[in-house]
Amino acid sequence: MKRKYYIGDLEFKTKKECENYTRNIINDLGCCVIQRNNTHFSFFASLIQNHPEYKDKKGVGIDYFYIEPNPLIRKNYQMGIKRLDGSEIVFSWVYCCQFRERTTSDYLLKAMREAIKYDTIKYKQQSDLICNFCKTEKELYENYHVDHHNPSFQTLKDNFLKLTKKQVPSSFGDCKKYNVIIFRDEDEEFKNDWVDYHNKNCNFQILCRDCNLRKEKN
């Protein structure tokens, strides 16, 4: 029996059918804000739950969705979220239509990112908020991102996993207060080793939201 795919109560026979349906909605709406009273809000609220970083994207809660021009291809659109705390973040709606199942590697990545979160926050708080690429400044605080620059976060993660002698965790905790994936108490030594390795080898830079998005796409 062929698998069926669901977004809320909507049923799709294929992932491509879901992608085309979503693209048509976005193209019909164009640049706009999608408030809770919008007929499409519940669809996008269900769609984003397919994103592997849903809890990170959602943050403290979704105030509204918005559609804006894609900075890489202006004729296309991208989607973003305005959170209840006023912060914003974009997400790949196409990725959400792929119904990708989360793996142990996905959860490990999330826990490793969460473990170094406070170091990235500290760096941002102590830095001049000027984009290292386009030199944009005087934007809103949330429009600047801390980026791993040479080596990338992926390189740091991969190198650490090759070097560590400790058992790599395969089960993880869920901090319900902040909706994030974390290491369990029994993996505290692994976590601390990772944080130490990361902080000794990372190289941060400040990028504006658009430049960070372009960098991720390249």
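Of the helices (runs of 4 or more DSSP H) lying entirely inside segment 113-218, those containing at least 2 residues that are of a type in the set (A, V, I, L, M, F, W, C) and within 27 Å of residue 58 (Cα to Cα) span 153-163, 188-201, 209-217.
Here is a yes/no grid of residues against (1) under 30 Å from residue 168 (Cβ atoms); (2) outside the structural domain of residue 27 (by TED's automatic domain parsing); (3) among the hydrophobic types (A, V, I, L, M, F, W, C):
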{"residue": "83", "(1), (2), (3)": "no, no, no"}
{"residue": "88", "(1), (2), (3)": "no, no, no"}
{"residue": "114", "(1), (2), (3)": "yes, yes, no"}
{"residue": "129", "(1), (2), (3)": "no, yes, yes"}
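Being at pLDDT 90 or above, crowded, with 17+ Cβ neighbours inside 10 Å and either in the same structural domain as residue 85 (by TED's automatic domain parsing) or among the polar types (S, T, N, Q) (or both) is the requirement here; does residue 41 meet it? Here the answer is no, as residue 41 does not meet what is asked. Scanning segment 11-35 for residues that are surrounded by 13 or more Cβ atoms within 10 Å (Cβ to Cβ), assigned to a strand (DSSP E or B) and either more than 24 Å from the chain's Cα centre (by Cα) or not β-branched (Val, Ile, Thr) (or both) returns 12, 32. Has segment 200-209 got at least one residue that is touching a residue at least 40 places away in the same chain (Cβ under 8 Å) and closer than 13 Å to residue 112 by Cβ? Yes - at least one qualifying residue is present in segment 200-209. Against the definition (over 14 Å from the mean Cα position of the chain (by Cα) and either of a type outside the set (Lys, Arg) or farther than 30 Å from residue 171 by Cα (or both)), how does residue 100 come out, yes or no? It is false that residue 100 is over 14 Å from the mean Cα position of the chain (by Cα) and either of a type outside the set (Lys, Arg) or farther than 30 Å from residue 171 by Cα (or both). Remark: pairs (first residue in segment 125-142, under 17 Å from residue 88 (Cβ atoms); second residue in a helix (DSSP H, G or I); Cβ separation under 8 Å; 6+ apart in sequence or on different chains) = 129/141; 131/211; 136/211.
The values are calculated or read from the model by the stated rules, or taken from the named source; none is laboratory data. Only a predicted model underlies this, so the values are computations on that prediction, with no experimental measurement involved. Glycine also receives a Cβ, built like all others from the backbone with ideal geometry; neighbour counts cover every protein chain displayed.
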